[in-house]
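Notes for the one structure printed next.
The values are calculated or read from the model by the stated rules, or taken from the named source; none is laboratory data. Note that this is a predicted model, so its numbers are computed, not measured. Cβ sites come from the backbone with ideal geometry, for glycine too, and all protein chains shown count toward neighbours. Protein only, heavy atoms only, side chains kept; ligands, DNA and RNA dropped before computing areas. Shrake-Rupley method; radii C 1.70, N 1.55, O 1.52, S 1.80 Å.
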Amino acid sequence: VYGVSFTTMFFRNAYLNLPSELIQSAQVDGAHFMRIFWSIILPNSGAVIMVTVIWQTTNIWNDFLFGASFGDALSQPMQVALNNLVSSSTGVKEYNVHFAGALMAALPTLLIYLISGRYFVRGLMSGSVKG
């Protein structure tokens, strides 16, 4: 729910850059709204869809507040478990365990950026350049 405003802005800015002549020519050819959406708008939305997937996945994966507030020991997210691991009451600092946990927590987000990172900048910039 928190990401709806950002993703709406991403899609709005990307769709403002679509030439209106494409949509008008499809309307002249007799295409209805869903045909225009499926044939013209959606194929041109790859970059902004990838930005939305990256943005939402990162925000959900790193959501510490709700996991710490509402989660129990069996369903807590990785970040809350790491926090509980670091602030254990044993007094012994096991840096190898902490760094392994931090790597495990960062790995999914890092993989998403590595796989689809080229779309991220392209999608963010698609709605920002006018001219």
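Charge dipole of the chain (Cα centre as origin; +1 on each Lys and Arg Cβ, -1 on each Asp and Glu Cβ, all else neutral): 300 debye, rounded to the nearest 20.
Projected onto its three principal axes, the C-alpha set of the chain covers 73, 28, 22 Å, listed from the longest axis down.
Computed on protein heavy atoms with a 1.4 Å probe, the accessible areas place Asp29, Asp72 in the order Asp29, Asp72, largest first. Comparing mean-square fluctuations of Gly91, Gly67, Gly46 from a GNM of the chain with C-alpha springs under 10 Å, the top value falls on Gly91.
In terms of its C-alpha gyration tensor, region 48-114 has an oblate overall shape, because the principal axis ratio a/c (a ≥ b ≥ c, square roots of the eigenvalues) is not below 1.5 and a/b does not outweigh b/c.
Based on Cα contacts under 8 Å between residues 6+ apart, the chain shows a relative contact order of 41 percent. Solvent-accessible area assigned to carbon and sulfur over the chain amounts to 68 percent, based on a 1.4 Å probe. The residue list Thr109, Asn83, Met9 was ranked by how far each Cα lies along the charge dipole of the chain toward its positive end, using unit charges on Cβ atoms, and Met9 comes out on top. Projecting the Cα atoms of Leu42, Leu22, Phe66 onto the dipole axis of the chain, where Lys and Arg carry +1 and Asp and Glu carry -1 at the beta carbon, places Leu22 farthest toward the positive end. GNM remark for the chain: springs join alpha carbons under 10 Å apart, and the peak mean-square fluctuation among Phe70, Phe11, Phe37 falls on Phe70.
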